[in-house]
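The values are calculated or read from the model by the stated rules, or taken from the named source; none is laboratory data. All of these numbers come straight from a predicted model, not from anything done at the bench. Cβ placement follows ideal geometry from the backbone for every residue including glycine, while neighbour counts extend to all protein chains displayed. The accessibility values were calculated without ligands, DNA or RNA, using every heavy atom of the protein model including side chains. Shrake-Rupley method; radii C 1.70, N 1.55, O 1.52, S 1.80 Å.
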Amino acid sequence: MNVTKTASAKIILLGEHSVVYGQPAIAVPVTALRASAKFVSGSTGTGLRIVAPDVEGLDLYIASLETADVSNPFVAAIRLFLSHFQIALPDATVELRSQIPIASGLGSGAALTTALLRALADVVRVSIDPSVLNNMVYEIEKLFHGTPSGIDNTVIVYERPVYFVRSQPIEQLVIGKPFRLVIGDTGVSASTKVAVSDVRKLYDSDQTEFSGLFDEIGSLVIAGRGAIEHGDEVRLGSIMDQNHELLQQLTVSSPELDNLVVTARRAGALGAKMSGGGRGGNMIALVAEPLAQSVMNALLESGAVRIYETVVGKD
Ligand code: MEV
């Protein structure tokens, strides 16, 4: 039996980092960029082989759940899933593939885990509720990525725009008018875990100052939600610009990100900011359709190694 399942990338529109401290954030799926998991059953004889050519050529074999090396996130995810449902290890090979660059703020890890568990559920014939899947992917994120807020797994598992507040029920984002984002990759890989832990050190060094900064970002996110609901792109663009400045103050931007953000604005974007953990990875720009191509060209000329485009709320 062959089973293939996929999961999308994500991008944070507003509110990264402060979301870890209970402030709201907005994230959207990037549905054109996907990770996939393909199971071929009965292929190894006695266990589960995982191959992931796009993840540092990973190739490992699980002979038994008891002895499995759970220092690998995919192995940990498989064990968590099978123990939860009390199911034996299937005899199969799973191939993980991803179009989502790793360590770039696009949620490649959560997307791979989501695709893997969706496919595993099919192979062992279990119907998995999205909220259970979301909890499992979050557990893996926690094991391997420090103190995540849960926004990445949530937007990826539900594959829809979300207004997210940590530990609260997910709120669907109402999109008054579809809007277009251009995503520019600095090509610098950066660890979200390190950026999140550096922000934690800053916060511990001056809780009053940084709580104030997180509150400011939270207010921008609430205003951004209103702008999205009312289809007010000009206001949303200005809010993105302001959010970028506050992220600079949190020390999570970088010269490469700042350069692409300024480039996008000069080329006519309505607003631009870094996105995700920062220090590298991706930035996003809000663009009106007629200017999308010139913003993308400008980003490539200014050093972006990859660009993507996504329209939020078109379906
Ligand atoms: C990472 O995509 C977003 C951060 O806010 C971390 C998190 O929410 O877990 C930087």
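Kindly state, to the nearest 0.05, the FRET efficiency for Val262 paired with Ser71, given R0 = 41 Å and r defined as their beta-carbon distance. Don't skip to the answer; put the middle values down first.
Values: r = 41 Å, r/R0 = 1.00.
With a Förster radius of 41 Å, E is 0.50.
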- Can you list residues whose amide H is under 5 Å from Val188's amide H, if they're 5+ apart or on another chain and H is modeled 1.01 Å from N? Gly281
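Assuming 0.36 nm per residue, please report the length gained on full extension of the stretch Ser41 to Arg306 beyond their Cα-Cα distance. Please report the intermediate quantities before stating the final value.
On the way: separation 265, 0.36 × 265 = 95.40 nm, distance 3.55 nm.
Difference between extended and current length: 91.8 nm.
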- Kindly report the accessible area of the chain per residue (heavy atoms of protein chains, probe 1.4 Å, no ligands, DNA or RNA), in Å². 41 Å²
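So how do 178-186, 199-207, 238-246 stack up, highest first, on mean other-Cβ count within 10 Å?
Numbers: 178-186: 23.6, 199-207: 13.8, 238-246: 21.2.
The peptides rank, most packed first, as 178-186, 238-246, 199-207.
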- So what are the ³J(HN,Hα) numbers for segment 237-245, from phi and the Karplus equation (6.51, -1.76, 1.60; θ = phi - 60°), rounded to whole Hz, Gly and Pro as x? x, 5, 5, 4, 4, 5, 5, 4, 4
- Radius of gyration and Dmax for segment 1-134's Cα atoms, expressed in Å? 15.5, 49
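Counting other Cβ atoms within 10 Å, keep those with at most 11, restrict to DSSP loop, and tell me which trypsin sites (Lys or Arg not before Pro) in segment 94-130 are left. Don't skip to the answer; put the middle values down first.
Numbers: sites: Arg97, Arg118, Arg125; in loops: Arg125.
Hits after loop and neighbour filter: Arg125.
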- Message: Suppose each label sits 7 Å from its Cα in the direction of the beta carbon; what would the Ile222-Asp204 distance come out to in nanometres?
- Response: 3.0 nm
- Note on the structure: Expressed in angstrom and rounded, the centroid-to-centroid distance over alpha carbons for segment 249-294 and segment 85-105 is 31 Å
- Query: Relative to the present Cα-Cα distance, how much length would full extension add between Thr4 and Ile87 at 0.36 nm per residue of separation?
  - Reply: 27.9 nm
- Task: For Ser64 and Thr251, compute 0.36 nm times the residue count separating them, minus their Cα-Cα distance, and round to one decimal in nm.
- Result: 62.9 nm
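Of all DSSP beta bridges located in the chain, what percent are antiparallel, nearest 5? Can you show the working numbers first?
On the way: 46 of 50 bridges.
So the antiparallel bridges amount to about 90 percent of the total.
Taking each pair of different alpha-carbon atoms in segment 79-135 once, compute 1/r for the pair, average those values, and report the inverse of that mean as the Kirkwood hydrodynamic radius in Å to one decimal. List each step's numbers first, then the result.
Details: mean 1/r = 0.0802 Å⁻¹.
Kirkwood hydrodynamic radius for segment 79-135: 12.5 Å.
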- Query: Label-point separation (nm) for Gln172 and Ser131, each offset 7 Å from Cα along Cα-to-Cβ?
  - Reply: 1.6 nm
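Return the loop-located GluC sites (Glu not before Pro) in segment 1-100 (DSSP other than H, G, I, E, B) with at most 10 other Cβ atoms within 10 Å of their own Cβ; answer none if there are none. Don't jump to the answer; show the numbers that get you there.
Numbers: sites: Glu16, Glu56, Glu66, Glu95; in loops: Glu16, Glu56, Glu66.
Those satisfying the criteria are Glu56, Glu66.
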- Task: With a 1.4 Å probe and every protein chain kept in, tell me what percent of the accessible surface of the chain is carbon plus sulfur.
- Result: 50 percent
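What translational diffusion coefficient, in µm²/s and rounded to a whole number, does the Stokes-Einstein relation yield for the chain at 10 °C and a viscosity of 1.306 mPa s, taking the hydrodynamic radius as the Kirkwood radius over Cα pairs?
Numbers: Rh = 19.9 Å.
Using the Kirkwood radius from Cα pairs, D works out to 80 µm²/s.
With the Cα gyration tensor of segment 159-315 in hand, convert its eigenvalues to equivalent ellipsoid semi-axes via √(5λ) and list them largest first in whole Å.
On the way: eigenvalues 118, 88, 36 Å².
Listed largest to smallest, the semi-axes of segment 159-315 are 24, 21, 13 Å.
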